[in-house]
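S.K.: My questions all concern the structure below.
The values are calculated or read from the model by the stated rules, or taken from the named source; none is laboratory data. If you're wondering where the values come from, they're calculated on a predicted model, not measured in any experiment. Positions of Cβ are generated from backbone atoms using ideal geometry, with glycine treated the same way; all protein chains shown enter the neighbour counts.
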Amino acid sequence: MSVHPSKDIVGMKGKELKDKRIVLCITGSVAAVQCSEIARTLMRHGAEVFTVMSPMAQKIIHPYLMEWATGNAVVTELTGKIEHVALVGEHPKKADLVLVAPATANTISKIACGIDDTTVTSVVSTAFGSNTPIIIVPAMHESMYNHPILTENINKLKALGIEFVGPRIEEGKAKIAEIKEIANAVMNKLVVEQDFSGLRVLVTAGPTVEHIDPIRVITNRSSGKMGVAIVEEALDRGAEVTVVYGLGRATPPLDADVISVETTEQMREAVISELKSKKYDVVVAVAAAADWTVKKPYSYKVSTHKLHSLDLKLKPTKKIIDHVKKVSPKTFLVAFRAEYKLSKKDLIESAYKRLLQANADLIVVNDVGKKGAGFGTETNEMFIVDREKKVVHVPLALKREVARKILDVVNEKIKPK
């Protein structure tokens, strides 16, 4: 039989989950409407997804939707094929992980009490017996989520090794976690080595702004996506992460400690304060901090009705990375540098010179004039240069993949020889 057309997306965004088989168990929460996208996000990272639906889940979305999404038949009842055993029983071809998303209060409590009366609870029960990893993603009204018996049951399941993702408490509801957060939890469970466990990492990310007047600012086109990718990767590898974040468009993950700033000076002060108050093992200075600030910003809105032109005098901002080693000499410093349309040789020479000036341990440089490697893109191409002027080239790839390669190099440098 030919491959189902819906599987043409497998591996389109990465190979992290290549050859991994994931059972997506859907229960009767309205959040089930997001399950096709959950499945396809996992597939885009290389996974093979099989769906199991409870009777109530089938009243919210039709099994045909999930068959289309995954390219695989959907289990809606247990038959003589003993589907639960075929999926996660103790045998060489069992699935690598069971993901219950969304999980209702009813299903969570049934699992905690060992009740096995639906397709979903039967699969989870079998997964327990075969030591298959289980992740549960709750979704329900907040008042249900706050029930003390449910809290007790969740804690009981956590003690048994089940991992929970979310929920997001919004609008009086315990909403299902973001799809990206769910996918990251799956990848973290299955493939990401915890080689940053026990490390504290400080990341600067996003653009900063410099005020012309109370309304207008000078800034750059950075989106913050590269910095957020670094934060996500460090978290998934077990680090404790603080991000000093400018006005970027990307959203830092909830597990990070976020310090919000606007100006370069605010970012510099926040970094110095953090380095003085805590021991950080690694600083990754990804932020596109503004290089120029207005010498004398206006305290009022400058009216275009009164002026036909506006002359501004600018002065350089203080460079954040120049202060890191002065405040915390033992912290491993990764600097970032953006250049525009330089040859590879000049790109590396410029980066190495800046590395020495800042006393950095590594510097990561890219040419934002190159297609796909500039501000606001989903991809990047980088050159990583160390103090011995050795260069690691990271070809054009998704920013999360680039972040992984950067932290791989950091790990090689900081681990004991």
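S.K.: Check Ala338, Ala373 and return the single one that is part of a strand (DSSP E or B), out of contact with any helix residue (DSSP H, G or I) (no Cβ under 6 Å at 6 or more places or on another chain) and aliphatic (A, V, I, L, M).
M.R.: None of the other options fit; the residue is Ala338.
S.K.: Next question, about the same structure. What about Glu233, is it acidic (Asp, Glu), closer than 24 Å to Asn366 by Cβ and either touching a residue at least 24 places away in the same chain (Cβ under 8 Å) or not in a helix (DSSP H, G or I) (or both)?
M.R.: Criteria met by Glu233.
S.K.: Among the β-branched types (Val, Ile, Thr), crowded, with 19+ Cβ neighbours inside 10 Å and more than 27 Å from the chain's Cα centre (by Cα) - does that describe any residue in segment 269-292?
M.R.: Within segment 269-292, the first condition is being among the β-branched types (Val, Ile, Thr), and the residues that meet it are 271-272, 282-284, 286.
Applying the additional criterion that residues be crowded, with 19+ Cβ neighbours inside 10 Å yields 271, 282-284, 286.
Retained after the next criterion (residues that are more than 27 Å from the chain's Cα centre (by Cα)): none.
No, because not a single residue in segment 269-292 is among the β-branched types (Val, Ile, Thr), crowded, with 19+ Cβ neighbours inside 10 Å and more than 27 Å from the chain's Cα centre (by Cα).
S.K.: Which is under 23 Å from the mean Cα position of the chain (by Cα), at pLDDT below 95 and charged (D, E, K, R), of Lys405, Lys415? Please lay out each step first, then the result.
M.R.: On the way: Lys415 fails: under 23 Å from the mean Cα position of the chain (by Cα).
The unique qualifying residue is Lys405.
S.K.: Sticking with this one: Being in contact with a strand residue (DSSP E or B) (Cβ under 6 Å, 6 or more places away or on another chain), surrounded by 24 or more Cβ atoms within 10 Å (Cβ to Cβ), within 27 Å of Val402 (Cα to Cα) and at pLDDT 95 or above: is that true of Val75 here?
M.R.: no
S.K.: Can you say whether Ala358 is under 20 Å from Lys405 (Cβ atoms), surrounded by 13 or more Cβ atoms within 10 Å (Cβ to Cβ) and not hydroxyl-bearing (Ser, Thr, Tyr), as far as the supplied structure shows?
M.R.: Here the answer is no, as Ala358 does not meet what is asked.
S.K.: Would you pick out the residues in segment 309-323 that are polar (S, T, N, Q) and at pLDDT 95 or above? Break it down stepwise before answering.
M.R.: Quick first cut of segment 309-323, residues polar (S, T, N, Q) only: 309, 317.
Selection gives Thr317 alone.
S.K.: Quick one: which of Lys296, Lys325, Lys319, Lys330 is surrounded by fewer than 14 Cβ atoms within 10 Å (Cβ to Cβ), among the basic types (Lys, Arg) and within 30 Å of the chain's Cα centre (by Cα)?
M.R.: When all the criteria are applied, what remains is Lys330.
S.K.: For segment 31-82, give me the residue count where each residue is free of Cβ contacts under 8 Å to residues at least 12 places away in the same chain and either among the charged types (D, E, K, R) or not assigned by TED's automatic domain parsing to the domain that holds Ile176 (or both).
M.R.: Total satisfying the criteria: 1.
S.K.: A further question on this structure: Return yes when Ile26 is in contact with a Cys (Cβ under 6 Å, 6 or more places away or on another chain), modelled with pLDDT of 95 or more and in the same structural domain as Ser125 (by TED's automatic domain parsing) and no when it is not.
M.R.: yes
S.K.: Out of all the residues in segment 6-23, is one or more closer than 30 Å to Glu142 by Cα, of a type outside the set (Gly, Ala, Ser), touching a residue at least 12 places away in the same chain (Cβ under 8 Å) and assigned by TED's automatic domain parsing to the domain that holds Ser122? Spell out the reasoning first.
M.R.: Of the residues in segment 6-23, the ones closer than 30 Å to Glu142 by Cα are 22-23.
The next check asks that each one be of a type outside the set (Gly, Ala, Ser); those that pass are 22-23.
Add one more test, that the residue is touching a residue at least 12 places away in the same chain (Cβ under 8 Å), and what stays is 22-23.
Restricting the remaining residues to those that are assigned by TED's automatic domain parsing to the domain that holds Ser122 gives 22-23.
The answer is yes; a qualifying residue exists.
S.K.: So which of Lys301, Lys326, Lys278 is modelled with pLDDT under 95 and among the basic types (Lys, Arg)?
M.R.: Lys301
S.K.: Could you tell me whether segment 223-237 includes any residue that is within 21 Å of Thr331 (Cα to Cα), assigned by TED's automatic domain parsing to the domain that holds Pro252, buried (at least 18 other Cβ atoms within 10 Å of the Cβ) and basic (Lys, Arg)?
M.R.: Within segment 223-237, one or more residues are within 21 Å of Thr331 (Cα to Cα), assigned by TED's automatic domain parsing to the domain that holds Pro252, buried (at least 18 other Cβ atoms within 10 Å of the Cβ) and basic (Lys, Arg).
S.K.: Restricting to segment 205-230, what's the tally of residues that are touching a Gly at 6+ places or on another chain (Cβ under 7 Å), over 21 Å from Met187 (Cα atoms) and either of a type outside the set (Lys, Arg) or not in a loop (DSSP other than H, G, I, E, B) (or both)?
M.R.: Count: 7.
S.K.: For segment 361-388, which positions are touching a residue at least 40 places away in the same chain (Cβ under 8 Å) and either outside the structural domain of Thr219 (by TED's automatic domain parsing) or surrounded by fewer than 15 Cβ atoms within 10 Å (Cβ to Cβ) (or both)?
M.R.: Those that are touching a residue at least 40 places away in the same chain (Cβ under 8 Å) and either outside the structural domain of Thr219 (by TED's automatic domain parsing) or surrounded by fewer than 15 Cβ atoms within 10 Å (Cβ to Cβ) (or both): Gly376, Glu378.
S.K.: If the requirement is being loosely packed, with under 15 Cβ neighbours inside 10 Å and hydroxyl-bearing (Ser, Thr, Tyr), which of these qualifies: Ser54, Ser2?
M.R.: Working: Ser54 fails: loosely packed, with under 15 Cβ neighbours inside 10 Å.
Within the list Ser54, Ser2, the selection yields Ser2.
S.K.: Sort out which residues of segment 264-283 are under 13 Å from Asp322 (Cα atoms) and either in contact with a Cys (Cβ under 8 Å, 6 or more places away or on another chain) or assigned to a strand (DSSP E or B) (or both), and write them in order of number.
M.R.: The answer is Val283, and nothing else.
S.K.: So, of the residues in segment 245-264 that are more than 24 Å from Leu398 (Cβ to Cβ) and in contact (Cβ under 8 Å) with a residue 40 or more places away in the chain, which turns out to be surrounded by the most Cβ atoms within 10 Å (Cβ to Cβ)?
M.R.: First, the residues of segment 245-264 that are more than 24 Å from Leu398 (Cβ to Cβ): 257, 259-264.
Now narrow it down to the ones that are in contact (Cβ under 8 Å) with a residue 40 or more places away in the chain: 261-264.
On the way: Val261: 22, Glu262: 16, Thr263: 19, Thr264: 25.
So, considering only residues that are more than 24 Å from Leu398 (Cβ to Cβ) and in contact (Cβ under 8 Å) with a residue 40 or more places away in the chain, the one surrounded by the most Cβ atoms within 10 Å (Cβ to Cβ) is Thr264.
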